[in-house]
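The values are calculated or read from the model by the stated rules, or taken from the named source; none is laboratory data. Since this is a predicted model, take the numbers as computed values, not measurements. We place every Cβ from the backbone using ideal geometry, glycine too, and count neighbours over all the protein chains shown. Quick note on the areas: whole protein, heavy atoms, side chains included, nothing else; ligands and nucleic acids left out. Shrake-Rupley method; radii C 1.70, N 1.55, O 1.52, S 1.80 Å.
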Amino acid sequence: MTSVLKPLAIGLAVAAAFPSISSAQTANTVTASVASSVIVTAGRQAQAAKDVLADNAVITADEIGQSGAATIVDLLQQQRGIEVARNGGPGTNSSVFMRGGNNSQILVLVDGVRVGSSTTGGATWSNIPLNQIDHVEIVYGPLSSLYGADAMSGVVQIFTKKTAGTLSPTAAVGVGSYGTRKMQAGISGSISNSLSFALNAGHDENEGFSATKPGAGIYTYNPDKDGYKLDSFSARMNLQISRDSEVGASYLKSRLNAQFDAGPSYDDHNVQNLETITLHGKTQISDIWTASLQVAQSADQTFTDASYGQSQIDTRQNFITLQNDIRIDKDVLQLIAERREENVATTIDGLNGRRRTGSLAASYVLKRDAHLASASVRYDHSSVYGNNTTGNLAYGYRLSDVWRVNASYGTSFRAPTFNELYYPGYGVAGNKPESARNAEIGVYYALGDMQLSAVYYQNKATDLLVSTNVCPVETATHPYGCAYNVNQATMSGLTLGAATRFGDWSLRGSLDLQDPKDDTTGLRLARRSRQHGTLAAEYAVSAFKLGVETVLSGNRYDDVANKKVLPGYGLLNLYGTYALTKDLSLIGRWNNALNKDYELAKNYATPGSNLYVGLNYGFR
């Protein structure tokens, strides 16, 4: 039996050890949990999950509270269509790949606000505090026609703790292997018919282990422990001014101090700050017309103190968004105007700067009996890289009450980062955005608590920005190569998903068969496998919940030349919760229970078998 399949076999054996439960589902009933689930991200409006034409997944508050996961990256690794890479343990630099696309080709939102670095591209995942998150929505496929730059492979939207409900406190503490310690406390709810709020604070720390292995070489490897400390705070407020109008604000702040390895004897570390602040208002102008205005700012700041020197890189983004939703019978016409300003300040000469983007977008969502359709178009004008127009068309047909087929076609783009434009000796000011064309078709089944999906997609990207050994331009100032639009790639694949519940059992699983290929070289894209999947089973009886999870991946290559192999791996995680009282629960988790030695990046270590035990109060 291969090492990849061993965790799957053990997981199934553990699941089979529980007593069999017969299904009590009714053949023609959709449960309240499925029927009432709502997705916001896919259409920038609340939509019933059964009406959303884009493939999507939701990580609920219950799943987060009971997961015992160390970071959001660990949580995302359990989702279909997603792979991760990390240069060491929790707190170190992490990347997320969605449907074979790069980390910089995923748009990340926190409460509707774009976060990430304008210099490196992509979100700083390690600095997103898991203990401030209420739930996560993942939408697969291109969404540039609604959100603009960088939404090439999909969008991940993170929602901080909610304000609704009766006033109640929450608290959590936990300890685990590698000196893990977690603390979180909060209070949320309504204090009047019109005012509700949420306040949450958290602290995570981990003593860690060496981020690198000896194979990294004498100029990188350091046998010291590389740990982290993460402090976070979030606040939300919502005021109902009248029956038709409301205003609100949200705030998130986190500070990560994380160690890494870049030399044999130096305490290399990053201090990273993430901050978002949002003010919003919403009013119903007429029976069919609702307008909303959002003013927001996000900051991504990194100070690096390493053996090779010190640096400070700050990104600050300002946003103004006006959105109008006009209901036409069951349909919705959406009109959007946005302005975004990026400001970069660094200690690197030539990398400081500003760019502005103005955007106009329109979408139409149609519902006609068995027919569902949507169309969207967006125009973005950047002060640096010019004009981009993107669009999306999608159609769905309900074959029956339980079966639906979807098809869609969309275009997208990724803006060049400040590094790719201006970094001395590397960036080229004339670089243009990457672009992509995505086509997909999906089949969905939903009956009671059973949900099945199969989606085939093909995303063809052109003008990809990569590091070239010989720079086609600026040769005199770029003797060692540069970033340039030279590559093409095709990310194609089949994603299968399944979830069901019968009696006291819950089961879910996914399988991705993909071909993320560099069309210029014919080689596979770095750190992406041809197949990966998950399988989980949970058994709930009385006050107990017991679960098993597996994560499976085929081999990957750590480099674009496909010379450095990262072997496939299979992980087995076990977890359980016990409700001590209505409000207090005990959680336990055993990650990598088989103590698998695996790598997500060449010569970087990953956690071995590790335990976590905690108490949660007030979580539902």
Within segment 407-444, take every residue that is open to solvent by less than 30 Å² (accessible area, probe 1.4 Å), assigned to a strand (DSSP E or B) and out of contact with any Asp or Glu (no Cβ under 8 Å at 6 or more places or on another chain) and give me the one that is farthest from ASN387 (Cα to Cα). ASN438
Any residue in segment 282-298 that is surrounded by 14 or more Cβ atoms within 10 Å (Cβ to Cβ), among the aliphatic types (A, V, I, L, M), touching a residue at least 40 places away in the same chain (Cβ under 8 Å) and more than 23 Å from ALA164 (Cα to Cα)? no
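For LEU447, are the conditions met, namely being over 26 Å from the mean Cα position of the chain (by Cα), open to solvent by 20 Å² or more (accessible area, probe 1.4 Å) and closer than 29 Å to TYR395 by Cβ? Quick ask: steps written out before the conclusion?
Numbers: over 26 Å from the mean Cα position of the chain (by Cα): yes; open to solvent by 20 Å² or more (accessible area, probe 1.4 Å): yes; closer than 29 Å to TYR395 by Cβ: yes.
The answer is yes for LEU447.
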Given the structure, is ALA537 of a type in the set (Gly, Ala, Ser), in a strand (DSSP E or B) and open to solvent by 20 Å² or more (accessible area, probe 1.4 Å)? no
Residue check, SER400 against (1) of a type in the set (S, T, N, Q); (2) farther than 28 Å from ALA48 by Cα; (3) open to solvent by 30 Å² or more (accessible area, probe 1.4 Å), all met but one. Which one? (2)
Every residue in segment 57-70 that is at pLDDT 90 or above and open to solvent by less than 30 Å² (accessible area, probe 1.4 Å), please. ALA57, ILE59
Mind checking which residues of segment 343-357 are more than 17 Å from GLY430 (Cα to Cα), in a strand (DSSP E or B) and open to solvent by 30 Å² or more (accessible area, probe 1.4 Å)? ASN343, ALA345
Considering segment 604-620 alone, what residues qualify as being open to solvent by less than 40 Å² (accessible area, probe 1.4 Å) and either under 14 Å from VAL551 (Cβ atoms) or not hydrophobic (A, V, I, L, M, F, W, C) (or both)? THR606, PRO607, GLY608, ASN610, TYR612, GLY614, ASN616, GLY618
Hey, among the residues in segment 375-384 that are out of contact with any helix residue (DSSP H, G or I) (no Cβ under 7 Å at 6 or more places or on another chain) and part of a strand (DSSP E or B), which one's farthest from ALA429 (Cα to Cα)? ALA375
Selected residue [in a strand (DSSP E or B), closer than 19 Å to THR41 by Cα, in contact with a strand residue (DSSP E or B) (Cβ under 9 Å, 6 or more places away or on another chain) and open to solvent by 40 Å² or more (accessible area, probe 1.4 Å)] from LEU366, LEU372: LEU366
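When you go through ARG589, ARG556 one by one, which is the residue that is crowded, with 18+ Cβ neighbours inside 10 Å and within 30 Å of THR220 (Cα to Cα)? Write out each step before concluding.
On the way: ARG589 fails: within 30 Å of THR220 (Cα to Cα).
Answer to the selection: ARG556.
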For segment 490-502, name all the residues that are open to solvent by 20 Å² or more (accessible area, probe 1.4 Å), under 30 Å from ALA540 (Cβ atoms) and of a type outside the set (Val, Ile, Thr). LEU496, ALA498, ALA499, ARG501, PHE502
Of all residues being hydrophobic (A, V, I, L, M, F, W, C) and within 17 Å of ILE64 (Cβ to Cβ) in segment 165-200, which is most open to solvent (accessible area, probe 1.4 Å)? Just the residue, please. MET183
TYR221 passes all but one of (1) farther than 30 Å from GLY618 by Cβ; (2) in a strand (DSSP E or B); which number fails? (2)
Take ALA526 and tell me if it is modelled with pLDDT of 95 or more, touching a strand residue (DSSP E or B) at 6+ places or on another chain (Cβ under 8 Å) and more than 18 Å from THR495 (Cβ to Cβ). yes
One residue is enough: does segment 314-322 have a residue meeting the conditions touching a residue at least 12 places away in the same chain (Cβ under 8 Å) and more than 24 Å from the chain's Cα centre (by Cα)? yes
Kindly provide the set of residues from segment 457-489 that are assigned to a strand (DSSP E or B), of a type in the set (Gly, Ala, Ser) and open to solvent by less than 50 Å² (accessible area, probe 1.4 Å), ordered by number. ALA461, ALA483, ALA489
If you go through segment 334-342 one residue at a time, do you hit one that is charged (D, E, K, R), open to solvent by 70 Å² or more (accessible area, probe 1.4 Å) and either under 26 Å from LYS460 (Cβ atoms) or at pLDDT 95 or above (or both)? yes
Could you list, in sequence order, all residues of segment 185-199 that are outside any strand (DSSP E or B) and more than 13 Å from GLY165 (Cβ to Cβ)? SER192, ASN193, SER194
Unique residue being surrounded by fewer than 21 Cβ atoms within 10 Å (Cβ to Cβ), in contact with a Gly (Cβ under 8 Å, 6 or more places away or on another chain) and not in a strand (DSSP E or B) when the list is LYS563, LYS596, LYS545, LYS582: LYS596
Any residue at all in segment 281-298 that's in a strand (DSSP E or B), among the charged types (D, E, K, R) and out of contact with any Ser or Thr (no Cβ under 8 Å at 6 or more places or on another chain)? no
Applying the selection to segment 567-581, what residues are among the polar types (S, T, N, Q) and free of Cβ contacts under 8 Å to residues at least 40 places away in the same chain? ASN573, THR581
Exactly one condition in (1) open to solvent by less than 20 Å² (accessible area, probe 1.4 Å); (2) among the hydroxyl-bearing types (Ser, Thr, Tyr); (3) more than 23 Å from THR315 (Cα to Cα) is not met by TYR395; state its number. (1)
Please work out which one of (1) in a strand (DSSP E or B); (2) more than 23 Å from the chain's Cα centre (by Cα); (3) surrounded by fewer than 20 Cβ atoms within 10 Å (Cβ to Cβ) is the condition ALA454 fails and give its number. (2)
Only one of (1) open to solvent by 20 Å² or more (accessible area, probe 1.4 Å); (2) among the small types (Gly, Ala, Ser); (3) over 20 Å from GLU599 (Cα atoms) fails for GLY217. Which number is that? (3)
Count, please, the residues in segment 240-280 that happen to be assigned to a loop (DSSP other than H, G, I, E, B) and buried (at least 17 other Cβ atoms within 10 Å of the Cβ). 4
Within segment 521-532, residues open to solvent by 10 Å² or more (accessible area, probe 1.4 Å), in contact with a Gly (Cβ under 8 Å, 6 or more places away or on another chain) and not charged (D, E, K, R) come out as LEU525, GLN531, HIS532
